[in-house]
There are 2 protein chains.
Amino acid sequence: MTSTPPEKAKARATSYDVARHAGVSQSAVSRCFKQGASVAPRTREKILASARALNYYPNAIARGLITKRSNMVAIIISNLTNLYYPEVLAELTQRLSVKGIRVLLFSLAAESDVDDVLDQVWRYRVDGAIVAARLDPSQLAAFADRGVPVVLYNRIAEGLPAASVCCDSISGEHALVEGLVEAGHQLFGIIAGPADSYVGEERVQAAQMRLHQLGREALIVRGNYDYESGGSGLRDLMQMTSRKLDALICANDLMAIGAIDCARINFEFDVPQDLSIVGFDGVGPAKWLAYQVTTVRQPVRRMTEAAVSMLIERIEQPGTLPEQRLFAGELLAGQSARLG
Amino acid sequence: MTSTPPEKAKARATSYDVARHAGVSQSAVSRCFKQGASVAPRTREKILASARALNYYPNAIARGLITKRSNMVAIIISNLTNLYYPEVLAELTQRLSVKGIRVLLFSLAAESDVDDVLDQVWRYRVDGAIVAARLDPSQLAAFADRGVPVVLYNRIAEGLPAASVCCDSISGEHALVEGLVEAGHQLFGIIAGPADSYVGEERVQAAQMRLHQLGREALIVRGNYDYESGGSGLRDLMQMTSRKLDALICANDLMAIGAIDCARINFEFDVPQDLSIVGFDGVGPAKWLAYQVTTVRQPVRRMTEAAVSMLIERIEQPGTLPEQRLFAGELLAGQSARLG
DNA sequence: CGCGAAAATGACTGCGAATGCAAGTCCAAA
DNA sequence: TTTGGACTTGCATTCGCAGTCATTTTCGCG
């Protein structure tokens, strides 16, 4: 007949239940689960024992309501099927987890579907967001209005300033182009990414500009970042000219891989003797023996680390100014291209 | 000097703010955002206008506190770098999103690191969980104790019954083995998955059993589900015997791909003439021209659809009994193996 | 025009934990 | 023993919204 029958508690224990069980006040229980709060060691132990006995876990929802910190961060990612993003997502999730932050995941079917999810982002009162998708100025402004810090990942803000982490596409593409030109390639093909991809456009423009500066021609077609786009892009490029394509610059590794396969298998080219093909990202498959794609590897670990720390800084110090961090990629000279 | 100066509201609007602005009670505002509540059309419009004006979004945290439904589901996934899981994750997220459910993502470094995250799962009061990681009986019991429905993905419960969705490894492997045997292969190698992978063990056992029944020998080594394991596994197998390995059965596609590359490039084998190699999963790269892996494709769309609907059913009707749904895989006869 | 049922609305309380404040406890030094 | 200060502890309130209940309004129909 005591207050704590050992039956299975159907409803989950609250801090009051623990308090009663331990013979203290609810405040004491609360403080027990709060970093650096003032609780006597004896009391703390007693409370923790009761908590264990009752299977008590503080309700993060209730805590969030009063502290106005949900300890959740939204991660908004355009297409998880991109090979590159799963790696990024895993890194981000683990780094945030270490910092005691939970991830509310929003995955978009298309790069520009952000509006559909923002509504939910606002409702869940996330403390911040890491966005690897296209944000237009009004969407960015919405984050600012609500005081929700954002860090853009491999995107930059259009119009407004915003915190962002990027891999330096420009110097990366320049390095690739220079290597290819030095090796004597003359006629270049470029397979771009989809029009709404920021990095894709940047990479292609960087390549085009450098090629132009170095006096080389380039044909260009648009792809969709997937394997198939590599092959179809190559085919399209070859139909655009009667001359011999020397080198192929793809906006990402996956298209480069598709192009390599198509070149070797459908066209029976020797890659890189007949055609040099380069990519961008440095995803896992790019290193596979069959490909060994010459590419620029994004420093994912450093980039995710930066994204997380920038976000946390802005959560803790709301005033922090926008900052863009640009990381150099590492040129991986593989076997898919002849470089000078 | 009215009650709503058009300045930027620093603190986010609450239902009270909207109520005041619209000249109604807070209850009315609340009802406006609740499906099928009784609100007069005129009132609703007025309130929605005020909500828009004040940039009001209902606080899902506060709602969750009172309704005891967070509308969040935990997805616990072991290793996102596995190629197979990103696809699953994207599917799950989008299906849940359509149902108005948010995803709290927990990604594990290793299959058996679940304990580290369960604590957080309890705290966030998720309505349910989809788990693609190893759960031991006590962990499963913890879910049951707390009344949190779980659906296991490609895992089955050890000890206790639990809802689960799986791809039928056994019939899939049997089909592969039978095809290989019919084609006349004699000496088989098997590259298993890591010991803590449920499906990996199941696949390997199924293959072994069928091989045994059909009177074929099999050598076996253990891999780690990654590309490198394919090559090293093949090398190890070849060192285990002086005879000629006919066929190689890999517990997943990624290892099959690694093995194909190693066989072709390092050993200069003709795959499949010299050596047949099969995988399992049907991930994207398995279809690439360079590989065209003979494999069993998991019906990911149907499996994720099932996982989501089973979970929702159990969230809405807590009593629902455990159920195991087993989906047949589709044999994809590629170019990496000679089948009978 | 009036009556009753149905619809719409508002006052109020409680979900579970955090926290400012005041009161209480303990120990060391005077 | 007294006193001051450093810790501990409990009380009461608050966060934003949902849902109950009582009240008011609306509307159909006799």
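Computed quantities for the displayed model
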| item | result |
| --- | --- |
| Single residue of B:331, B:289, B:339, B:326 found to be of a type outside the set (Lys, Arg) and under 17 Å from the mean Cα position of the chain (by Cα) | B:326 |
| Subset of region A:288-306 that is aliphatic (A, V, I, L, M) and not in a loop (DSSP other than H, G, I, E, B) - its residue that is nearest to the other protein chains (Cβ to nearest Cβ) | A:300 |
| Odd one out for residue B:285 among (1) outside any helix (DSSP H, G or I); (2) within 14 Å of chain A (Cβ to nearest Cβ); (3) under 20 Å from residue A:83 (Cβ atoms) | (1) |
| Subset of region A:9-47 that is within 8 Å of DNA strand D (Cβ to nearest atom) and assigned to a loop (DSSP other than H, G, I, E, B) - its residue that is modelled with the lowest pLDDT | A:37 |
| Residues that are touching a residue at least 24 places away in the same chain (Cβ under 8 Å), of a type outside the set (A, V, I, L, M) and touching a helix residue (DSSP H, G or I) at 6+ places or on another chain (Cβ under 9 Å), drawn from region B:112-135 | B:115, B:122, B:124, B:125, B:127, B:128, B:134 |
| Some residue of region B:62-70 being within 13 Å of another protein chain (Cβ to nearest Cβ), touching a strand residue (DSSP E or B) at 6+ places or on another chain (Cβ under 9 Å), under 19 Å from residue A:117 (Cα atoms) and in contact (Cβ under 8 Å) with a residue 40 or more places away in the chain | yes |
| Residue A:150 being at the interface with chain B (Cβ under 8 Å from one of its Cβ atoms) and closer than 25 Å to residue A:327 by Cβ | no |
| Condition met for residue B:30 (within 16 Å of DNA strand C (Cβ to nearest atom) and within 27 Å of residue B:139 (Cα to Cα)) | no |
| Boolean, residue A:133 is within 14 Å of chain B (Cβ to nearest Cβ) and within 25 Å of residue A:194 (Cβ to Cβ) | yes |
| Matching residues, region A:101-114, being within 9 Å of another protein chain (Cβ to nearest Cβ) and surrounded by fewer than 19 Cβ atoms within 10 Å (Cβ to Cβ) | A:109 |
| Residue in region B:294-301 that is more than 22 Å from residue B:180 (Cβ to Cβ), surrounded by fewer than 20 Cβ atoms within 10 Å (Cβ to Cβ) and hydrophobic (A, V, I, L, M, F, W, C) present | yes |
| Flag if residue B:274 is touching a Phe, Trp or Tyr at 6+ places or on another chain (Cβ under 9 Å) and in a loop (DSSP other than H, G, I, E, B) | yes |
| Test: residue in region B:263-276 that is among the hydroxyl-bearing types (Ser, Thr, Tyr) and at pLDDT 95 or above | yes |
| Options B:124, B:84; residue that is at the interface with another protein chain (Cβ under 8 Å from one of its Cβ atoms) and either more than 22 Å from residue A:117 (Cα to Cα) or in contact with a strand residue (DSSP E or B) (Cβ under 9 Å, 6 or more places away or on another chain) (or both) | B:124 |
| For residue A:62: the one exception among (1) more than 10 Å from DNA strand D (Cβ to nearest atom); (2) among the small types (Gly, Ala, Ser); (3) in contact with a Leu (Cβ under 8 Å, 6 or more places away or on another chain) | (1) |
| Residue list for region A:200-215, filter: buried (at least 19 other Cβ atoms within 10 Å of the Cβ) and not aliphatic (A, V, I, L, M) | A:200, A:202, A:203, A:208, A:210 |
| Hey, residue A:335 polar (S, T, N, Q) and closer than 21 Å to residue A:255 by Cβ or not | yes |
| Residue tally, condition away from chain A (no Cβ under 14 Å), over 23 Å from residue B:183 (Cβ atoms) and in contact with a helix residue (DSSP H, G or I) (Cβ under 6 Å, 6 or more places away or on another chain), over region B:212-262 | 1 |
| Residues (more than 7 Å from chain A (Cβ to nearest Cβ) and either under 24 Å from residue A:139 (Cα atoms) or without any contact (Cβ under 8 Å) to a residue 12 or more places away in the chain (or both)) located in region B:87-97 | B:96, B:97 |
| Residue check for residue B:73: within 11 Å of another protein chain (Cβ to nearest Cβ), β-branched (Val, Ile, Thr) and outside any helix (DSSP H, G or I) | yes |
| Failed criterion for residue A:52 (all others in (1) away from DNA strand D (no atom under 16 Å from the Cβ); (2) among the basic types (Lys, Arg); (3) not in a helix (DSSP H, G or I) hold) | (3) |
| Residue A:39 more than 10 Å from DNA strand C (Cβ to nearest atom), farther than 21 Å from residue B:120 by Cβ and more than 10 Å from chain B (Cβ to nearest Cβ) | yes |
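The values are calculated or read from the model by the stated rules, or taken from the named source; none is laboratory data. A quick note: this is a predicted structure, and the numbers were derived from the prediction, not measured. Cβ coordinates were reconstructed from backbone atoms using ideal geometry, including for glycine residues, and neighbour counts include every protein chain displayed.
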